[in-house]
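Below you'll find the structure, written out as structure tokens, and then a few comments.
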Amino acid sequence: MLVVVALIVLALLGTPLFAIIAASALLGFYHNDIDLMVVAIEFYRLADMSILLAIPLFTFAGYLLSESQAPARLMRLTQALLGWLPGGLAMVSLTACALLTAFTGASGVTIVALGALLYPALIKAGYRKNFSLGLVTTSGSLGLLFAPSLPLILYGVIAQQMSVGRPFTIDELFLAGVMPGLLMLIMLSGWSYWRNRDIGLTRFTVNEAWQALRESRWELPLPFIVLGGIYSGYFAVSEAAAVTTVYVLIVEVLIHREISLSQLPAVMRSAMVMVGGILVILGVSLASTNVMIDANVPGRLFEFVHDHISSRLTFLIALNVFLLVLGMILDIFAALVIMIPLLLPIAVGYGVDPVHLGIIFLANMQIGYFTPPVGMNLFIASYRFQRPLLQLYQATLPFFFILLLAVLIITYWPALTLGLPSWLGASRS
């Protein structure tokens with residue numbers, strides 16, 4: 001008990017999360033007279049996971065895109081195609097942010113990279129300040145359910161290592177996120193249309209659409225390279241990541257020349273600092289997971305939960321509440337590596353499909369990023385746009401309730417998540 005209290009105090013004092021997890025794993029192995037080399041072995045196991053190659057590669061590609069003028073080109077293209085609709089610029093913002101977040105995996109990057117473009121453009125077009133603030137803050141976490149989202153890949157790696165429930169592939173996870181992600185985009189777009197139906201529209205012109213398409217011609221193939229290559233069977237996920245990175249590198253450095261060769265080391269360093277943090281936490285968490293499995297913590301936790309929650313429906317309600325709170329206080333990568341080893345066996349015990357659980361987890365964490373009072377996006381947006389937190393709380397509430405409804409639909413309608421992977425799997429066979 002004293003050790004647990006000491007670790008909690010260290011965490012509250014700002015000790016790095018990986019150090020807390022590593023300390024708990026080492027103490028657990030020491031208490032059970034297990035050689036501490038087990039922790040080093042877990043790190044070595046990471047080198048054998050070919051899928052983990054995708055994480056640094058996709059991260060680097062995402063950072064290259066965010067540092068170039070690709071976000072501005074994406075904005076111009078979506079504005080040219082959708083700006084003629086009522087609420088069209090808001091839909092443009094939602095789409096652009098979702099696509100960028102899918103590649104960067106970090107909502108803070110999206111707000112910083114696109115915020116300077118989106119917020120002034122929305123205000124200039126006549127959108128209300130609170131609506132614009134809420135939209136940009138909310139959009140920063142959209143896209144976590146779309147390939148090649150890093151949290152999706154990380155969830156798949158952790159779940160596959162546990163071998164709990166039915167086996168599944170990362171490709172299946174990518175497919176499972178498509179319909180829930182589109183549901184969120186459609187619901188927010190519908191709200192944007194209704195809320196701004198009185199705002200003047202941008203006239204659609206064939207010339208502007210053509211110019212925007214021409215300007216974005218090098219970025220447009222990216223989704224087809226990633227998804228088309230994976231689902232056609234030409235690439236594994238890690239191979240698709242390598243092809244994507246080389247393609248983005250050639251386009252942004254050699255063709256557009258928006259990132260100089262001298263800037264590359266700085267961009268690479270920023271991306272790899274993030275990746276390094278993820279991999280260190282993942283390595284010590286795999287060791288910590290072994291401690292918990294040896295101590296039968298998941299089994300005992302399931303028995304405790306089962307004694308108090310009898311039905312699957314009640315469990316899912318409790319899970320949603322828990323994940324929303326978790327999303328406010330923990331970064332998504334830390335939440336994945338800490339909580340999935342505990343939640344996955346319990347969820348499978350209640351008959352929840354492992355793929356469905358992954359989408360539920362990420363959908364809730366996506367909302368947690370801007371859930372008052374301490375959602376991370378609220379602080380990033382407050383700093384970025386120089387607005388008080390109370391104003392951001394008020395601005396994001398309508399978006400919060402819309403996405404909360406979307407999360408409930410995703411949670412209690414499993415076919416929305418599992419239908420597309422099942423249908424495509426059946427058609428392939």
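The values are calculated or read from the model by the stated rules, or taken from the named source; none is laboratory data. Small disclaimer: the values here were computed from a predicted structure and weren't measured. In this analysis, Cβ positions are derived from the backbone assuming ideal geometry, glycine residues included, and neighbour counts consider all displayed protein chains. Just so you know, the surface numbers come from the protein's heavy atoms only, side chains and all, with ligands and any DNA or RNA stripped out. Shrake-Rupley method; radii C 1.70, N 1.55, O 1.52, S 1.80 Å.
Observations on the structure shown:
- Rounded to the nearest 10 degrees, the angle from helix 332-349 to the longest Cα principal axis of the chain is 60 degrees.
- Expected-Rg normalisation [2.2 N^0.38 Å, Cα atoms] applied to the range 316-425: 1.17
- Point-to-point label distance, HIS31-GLN391, nm (Cα→Cβ direction, 7 Å offset): 4.9
- The residues neighbouring GLU258, those whose beta-carbon lies less than 9 Å from its own, together hold a net charge of -1 under the Lys/Arg +1, Asp/Glu -1 convention.
- Among residues other than GLU67 with Cβ under 11 Å from its Cβ, the summed charge is -2 (Lys and Arg +1, Asp and Glu -1).
- The slack between THR314 and PHE379, meaning 0.36 nm per residue of separation minus the straight C-alpha distance, is 20.1 nm.
- The share of accessible area on the chain that comes from carbon and sulfur is 69 percent, using a 1.4 angstrom probe.
- Rounded to 10°, Cα long-axis angle of helix 297-308 versus longest principal axis of the chain: 80
- 14 Å beta-carbon shell around GLU208, net charge (K/R +1, D/E -1): +3
- Note: relative contact order over the chain, using C-alpha pairs below 8 Å and six or more positions apart, is 25 percent.
- C-alpha long axis of helix 54-67 to longest principal axis of the chain, angle in °: 30
- Correct choice for Rg and Dmax of the Cα atoms in Å that was computed from the model, options (i) 22.9, 76; (ii) 21.8, 72; (iii) 19.9, 65: (ii)
- Solvent-accessible heavy-atom area per residue, rounded to whole Å², over the chain at 1.4 Å: 44
- Inter-site label distance for TRP84 and MET268 at 7 Å from Cα along Cβ, in nm: 4.6
- Where labels lie 7 Å past Cα in the beta-carbon direction, separation of ARG128 and LEU261 in nm: 5.4
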